[in-house]
1. Taking +1 at the Cβ of each Lys and Arg and -1 at the Cβ of each Asp and Glu, which of Leu397, Val343, Tyr651 sits farthest along the dipole of the chain towards its positive end, judged by Cα position relative to the Cα centre?
2. Within the set of other residues whose C-beta is less than 15 Å from the C-beta of Ile434, count the net charge using Lys and Arg as +1 and Asp and Glu as -1.
3. Averaged per residue, what accessible surface does segment 296-338 expose to a 1.4 Å probe, in Å²?
4. What is the dipole size for the chain, taken about its Cα centre, with +1 at each Lys and Arg Cβ and -1 at each Asp and Glu Cβ, in debye to the nearest 20?
5. Evaluate the charge dipole of segment 359-518 about its Cα centre and quote only its size in Debye, nearest 20, assuming +1 on the Cβ of each Lys and Arg and -1 on the Cβ of each Asp and Glu.
6. Compute the whole-percent fraction of alpha carbon pairs in segment 82-140 spaced more than 19 Å apart.
7. Rank these by accessible area, largest first, 1.4 Å probe: Trp277, Trp560.
8. Work through the residues other than Thr91 whose Cβ is under 14 Å from its Cβ and net out their charges, Lys, Arg +1 and Asp, Glu -1.
Amino acid sequence: MEKLFLILILFPLAAAIAVMAADHKASADTGEKGSWKNVRDLFVILTGVGEFALMCVMAFSGMGSELFVPGICGMGLRFCLDGFRIVYGLTAAFMWMMTLLFSREYLSHEKHLGRYYFFQLVTLSATLGVFLSSDLFTTFVFFEVMSFTSYVWVVQEETKGAIKAAETYLAVAVIGGMVLLMGLFLLYNALGTLEMSKLLSAASACGEKKLLYIAGCFTLVGFGAKAGAFPLHIWLPKAHPVAPAPASALLSGILTKAGIFGVLAVSCNIFLWDKRWGLLIFSIGLFTMFGGALLAVCSVDLKRTLACSSMSQIGFILIGIGMQGILGEENALAVRGTLLHMVNHSLIKLALFMIAGVVVMNLHKLNLNEIRGFGRKKPFLNICFLAGALGISGIPLMNGYVSKTLLHESIVEGIEISAELSGFLKMSEWIFLISGGMTLAYMTKLYMAVFIEENSDKKEQNRFDQMKGYMSPLSAFAIGGSAVILPLLGIVPSLLSDRIADLGQGFMHLEGEVHAVSYFSLVNLKGGFISIGIGVLLYAGIRKLMMKRKDGVLEYKDCWPKWLDVEELLYRPLLLKILPFLARVTCRILDSLAEGVIIFLRKTIYRERKIPHELAEGTEFTHVVGAALDFLRRIKRKIFRQQEPEHEISYEHKLAMQREKIVETNAIIQRSLSFGLLLFYVGLVFTLIYLLYLGQG
């Protein structure tokens with residue numbers, strides 16, 4: 001099994017190198033049959049299928065296995081396989097397989113395919129490394145690799161918008177990673193370990209709880225940035241519209257869950273059943289859930305709406321994590337709802353983003369007014385989109401209903417057992433239901449625009465209706481195979497969804513059997529129907545607000561004010577203008593203060609005193625020797641009756657200048673040597689720290 005661990009992580013890396021080699025051959029290949037392009041594409045697909053097959057083998061025969069790779073970065077890398085890791089390892093491998101199948105057609109006319117496939121496979125390796133990691137250091141290593149390699153997805157198109165979105169994505173990833181690393185340093189200092197299996201006991205024995213909270217907040221910033229949690233969500237609405245659709249499916253469906261994995265690892269192993277920590281996560285989840293839904297309702301771009309929807313659904317998941325802390329030991333509903341909504345959202349966004357990819361592939365447009373009516377006579381695409389839309393909206397008999405019911409009931413349970421938080425949780429319940437209603441409203445908007453309404457241009461609508469081969473059988477298989485899972489998880493939740501929850505709940509320290517939930521009882525259906533009712537009313541009420549009349553035709557409009565862009569309103573001015581300005585002012589003040597102190601000291605304690613008989617230049621030695629030489633020269637001229645030149649330079653001045661050159665040369669040599677010694681000193685200090693660190697470990 002240890003070999004399978006390594007193969008599972010290293011196989012995509014080896015395949016990525018082979019794909020680049022094949023692409024190099026393909027760049028000069030003009031043939032059709034048997035071309036290197038076909039070899040490259042086939043090899044990519046086989047890699048995705050093979051990785052999923054390997055993960056299935058691991059899932060059925062590797063439960064409980066562990067792997068430690070020593071000597072890497074001083075601490076080594078640790079992996080293990082439990083129920084939760086099996087669930088998300090399979091989910092990640094399945095999503096990569098389907099998106100690679102879909103990429104064959106979607107990217108057939110794109111440039112830099114070798115680069116795209118290379119980083120696609122390297123990111124697969126890094127993502128599996130995150131989900132299979134068993135200590136936070138290993139998680140961090142693969143988390144950072146994943147962040148940098150996935151940057152290439154965002155910038156793939158190399159348009160102006162893609163480059164700017166990629167800058168935002170990379171900035172959030174880098175800053176989040178630095179803050180995360182600081183949090184891990186503090187955790188290791190406080191607990192002495194980063195192994196997840198040892199964190200709970202170490203945290204319980206730790207007397208510095210404040211330090212743990214500070215470290216926890218640092219890690220929350222790092223992991224939350226990747227998850228797309230408010231207020232670090234700014235990359236989500238911008239990266240998805242510019243990235244290729246298969247990459248968007250993975251960014252939304254699986255890479256955000258890598259961030260959630262980190263939040264869970266910290267919350268369930270360091271702050272298990274901690275009400276204050278749970279309340280913090282819950283509050284962030286509320287803002288993320290409602291804010292993402294509001295952005296999605298106002299958006300007029302297909303992929304941007306789905307991206308904002310991802311932000312909202314991450315909020316639902318964070319609410320589940322928060323409720324785990326608030327409910328304490330009675331958190332079974334929150335634990336199972338969190339895990340199931342993670343899985344459900346991943347699979348739903350896989351299908352929806354690939355369907356959006358079909359639209360882009362045929363029209364090269366995303367604006368709802370321009371793609372309006374595209375799917376009117378495309379029943380297969382209609383059914384697949386409807387499965388995802390109903391699932392994410394929490395409609396009964398769909399997978400999203402199961403997880404949202406569990407999350408809603410956990411809030412209701414919190415109202416009943418927590419008297420001090422009952423008022424806050426009652427308000428939060430309504431925000432939860434309204435956000436669910438907003439989900440139905442924006443998904444209805446998308447469905448109506450793409451599959452029901454007609455395009456304002458009749459010729460364009462006729463062209464849409466006459467499209468037959470709008471996607472290949474391979475793309476249809478990828479979309480259909482992803483969509484068919486969604487109703488299955490909702491129709492028979494006790495056979496599928498509950499078993500997934502049983503498998504993964506141990507990661508969140510929920511042990512033993514949990515009483516069965518009657519998902520379709522009137523009590524549980526009530527919350528779903530309230531949310532549906534709110535959604536219907538919202539859609540009917542805000543439809544007019546989302547539309548504008550132009551040349552006698554109703555069109556969708558972007559309702560979100562541009563000046564409310566958090567990145568442009570807050571982050572860019574803060575990082576590019578305000579902080580540099582404050583830094584300049586601070587440095588100027590300190591510089592002036594230092595000059596003032598120096599002048600004060602020179603006027604008082606170290607006041608200047610004139611040296612008696614101070615020489616204009618040189619030293620006493622150069623003065624005496626130079627004067628002697630000048631005297632001898634004058635005697636010589638008198639003896640030989642030589643005339644004295646008009647502009648003759650004295651030996652005293654020559655010796656003084658020569659001395660200055662020697663002094664300057666020595667100073668340069670000393671400064672260079674000092675700089676080298678300083679660097680050697682710094683390196684020596686870090687070496688000693690590293691050795692001491694190893695000695696303590």
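1. Projecting each Cα onto the dipole axis, the largest value belongs to Tyr651.
2. Here the count lands on +1.
3. Heavy-atom SASA per residue in segment 296-338 reads 13 Å².
4. It comes to approximately 1840 debye.
5. Working: 13 positive and 15 negative charges, 245 e Å.
In debye, rounded to 20, segment 359-518 gives about 1180.
6. Everything past 19 Å amounts to 40 percent.
7. Ranking Trp277, Trp560 by accessible area, largest first, yields Trp560, Trp277.
8. Once all neighbours under 14 Å are counted, the net charge is +2.
The values are calculated or read from the model by the stated rules, or taken from the named source; none is laboratory data. Predicted model, so just to flag it, every value in this text is computed and none were measured. So basically every Cβ, Gly included, is an ideal-geometry build from the backbone, and we count neighbours across all protein chains shown. These area figures cover heavy atoms from the full protein model, side chains too; ligands, DNA and RNA do not enter into them. Shrake-Rupley method; radii C 1.70, N 1.55, O 1.52, S 1.80 Å.
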